[in-house]
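Undergrad: Encoded as structure tokens, here's the structure I'll be asking about.
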Amino acid sequence: MFDMYARLVKSKKSKHPTLQIVQGIREGKKVKQKILASLGVVKNLDDLKKIKTLTEHLIRKLEREGLPPDKKIKIEDLIHKETIYDGFGMVIERLMQLSGFANIIRTVQGRHEFDVEKIVKLVIAQRLDLPSSKLRTYERQEEHGFHDIDLQHIYRCMDAVGPLSIDIQRQSLEAATAHCCELDCLLFDVTTLYFESIEQDEIRDFGFSKDQKHNLVQIVLALVVSSEGVPIAYETFKGNLGETKTLIPVLNQLRKDFHINNVTIVCDRGMACKGNAEALQAEGFNFVIAAKLRSMSKKLKINELSAYSLLPDQENIADEEKTFFRVLKHPQYEDTELIITYSPSRAAKDRSDRERLIEKLIQKLNASEDEKSVKKVISNSGYKKYTNVKEGSLVTINQEAIDNDAAWDGFHGIAVTKGANLSVEEALARYKELWRVEEAFRIGKCSLKTRPIFHWKPDRIKAHVLLCFMTLFFERFLEFLLKRNHTPLTPDKIRHALSGVHTICFEDGNSHKEGKVESKLSENAKKIFSVLKIPIERSSRLSHGCCV
């Protein structure tokens, strides 16, 4: 007796073939096929797929009812099919639900033939894992457990989600508030994102580049984060806009679209101007903004240490680490105090930085033999303030400028509105939190590789920034949740833990059955999964079932 098998039988009487189950039977020297069952007409490939699924379900049912299962699979017969790095996908899936972003993304699904939410998850998972172009994301989709996503649909998905910018930002605010982020203090800063291009348009333009890419066009990005470092709002501006002009439009957006009032805005020196201060106060915002001390009247005698007092509770601190302070009425802003501090350690750093710069400057001057080489020296803005340029392109050290600069070593000032009701220590602590927005920029630009941007249509550029904002939000939001759960992890450790979560897919070379083995979770991965309430049980044994 021979084994059973399936065959497709064509007939002149029927347009489509019939699927039959037959068995080979030997009669004397001949082998005949006995039809055991006829499963019906097969019209197309979908019918075959349905029959295959039905067959697999039937086999499993028979095995549950007592049919002996197949022989055990031998290790040497296993063929590796693929490895799926599904940790990022599972975490993004959960964060999309937890943040409420998934509900917003679904609003633009409409009649699109592609799954908008699925593509957004893929793009974010890829950017969180290994940031790359949309083309590379398309090529690597199966590595993250995604299938059948066309490249054109990724670009069309960007067009679909681009208009959701305000809704996503509003939802990020709600998600942060729901999980106890403090929003009485918001940190604001500005950076630039460059393009590998010199083509200007309505949004791309040349301007002051914080990446020292002055020969390339750029856009300006303003970012607002909570005191814990969770991003809640952003805005893009044309590349040639001065950073002082970005603050008020963003704050107007916070009031109009997010209904945020009565908070303290913390900004760096780049936002310090009378127009910004007056606009903030007119709109009911308190502020802590770094002050430009050297531009103030000499009559204030700001850099005379005799008027300074020691900050409280510093008895057990080394002398070089102590901080002295002085409080004045701000000479330019109404209802605002000027808090000035002096730190010996800061003074030592300022002095060291200047001496190192002057040493390099002298080396360059000694090596400069003609006018062309001299121009290269003074092209550095850091060198210019310590030099004089005389007739014949002779460059000399300006000792008076060096002495004037040294007189301000160790001094720093912040402007604080009286309505903020902050003590000196509280105001200084608020200002020091600015490192969080700077870190957010560093993560976004370096780890998540927001730039350079390779899109050129304004709408695609804004959609790219939106997807990068969502990725940054997820990373910082997850970091906040872990910290609140007393299991803090850095962004690098989060990424490393998730990269180790994977599923290996095999196929038995004899039966062609597929199976999978799930990796065990590292301790850090367990922390992440536990905080997000993702099951931490993983099957490290070969299990039957399709991996796809």
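The numbers here are math on the coordinates, done by the rules we state, and not lab data. All figures in this text were calculated on a predicted structure; none of them were measured in a lab. Glycine gets a Cβ as well: all are built from the backbone with ideal geometry, and neighbour counts include every protein chain shown.
Undergrad: Multiply the residue separation of Arg442 and Ala102 by 0.36 nm, subtract the distance between their alpha-carbon atoms, and state the gained length in nm to one decimal.
TA: Values: separation 340, 0.36 × 340 = 122.40 nm, distance 2.65 nm.
Length gained between Arg442 and Ala102: 119.7 nm.
Undergrad: Beyond a 23 Å Cα-Cα separation, which of these cross-linked pairs lie in this structure: Lys43/Lys81; Lys292/Lys462; Lys238/Lys449; Lys134/Lys513; Lys213/Lys457; Lys121/Lys449? Each step should come with its number before you reach the end.
TA: Details: Lys43/Lys81 30 Å; Lys292/Lys462 33 Å; Lys238/Lys449 20 Å; Lys134/Lys513 34 Å; Lys213/Lys457 20 Å; Lys121/Lys449 17 Å.
Flagged as over cut-off: Lys43/Lys81; Lys292/Lys462; Lys134/Lys513.
Undergrad: Over the alpha carbons of the range 137-245, what is the largest minus smallest coordinate on each principal axis, giving the biggest first in Å?
TA: Between the extreme Cα coordinates on each principal axis of the range 137-245 lie 46, 44, 24 Å.
Undergrad: Calculate the FRET efficiency for Lys298 and Ile402 from the Cβ-Cβ distance with a Förster distance of 25 Å, rounded to the nearest 0.05.
TA: Using R0 = 25 Å, I get an efficiency of 0.85.
Undergrad: Still on this structure: Roughly how many nanometres apart are two label points built 7 Å out from the Cα toward the Cβ at Ala429 and Glu56?
TA: Taking the two extended label points, one gets 5.8 nm.
Undergrad: In addition: Of Tyr194, Tyr155, how do they rank once you tally other Cβ atoms within 10 Å and put the fewest first?
TA: Result, fewest neighbours first: Tyr155, Tyr194.
Undergrad: What is the spin-label model distance, in nm, from Lys12 to Arg64 if the labels are put 7 Å beyond Cα along the C-beta direction?
TA: 4.7
Undergrad: Something else about it: From the alpha carbon gyration tensor of the range 1-160, can you work out the equivalent ellipsoid semi-axes (sqrt of 5 times each eigenvalue) and give them in Å, largest to smallest?
TA: 45, 22, 16
Undergrad: Ordered by packing density, taken as the mean number of other Cβ atoms within 10 Å over each peptide's residues, highest first, how do 121-130, 103-112 rank?
TA: 121-130, 103-112
Undergrad: Could you give the Stokes-Einstein D for the range 4-64 in µm² per second, using the C-alpha Kirkwood radius, 20 °C, 1.002 mPa s? Can you show the working numbers first?
TA: Working: Rh = 13.2 Å.
Estimated via Stokes-Einstein, D reaches 163 µm²/s.
Undergrad: Per residue, what volume in Å³ does the Cα convex hull of the chain take up? Please report the intermediate quantities before stating the final value.
TA: Values: hull volume 142.2 nm³, N = 548.
Normalising the Cα hull of the chain by residue number yields 259 Å³.
Undergrad: Could you calculate the contour length gain from Asp148 to Asp353, that is, 0.36 nm times the residue separation minus the distance between their Cα atoms, to one decimal place in nm?
TA: Between Asp148 and Asp353, full extension yields 68.3 nm more.
Undergrad: Ranked by Cβ crowding within 10 angstrom, fewest neighbours first, how are Glu142, Glu199, Glu117 ordered?
TA: Glu199, Glu142, Glu117
Undergrad: Stretched out fully, how many nm does the piece from Glu334 to Lys360 gain, at 0.36 nm a residue minus the Cα gap?
TA: Working: separation 26, 0.36 × 26 = 9.36 nm, distance 4.29 nm.
The span from Glu334 to Lys360 would gain 5.1 nm if fully extended.
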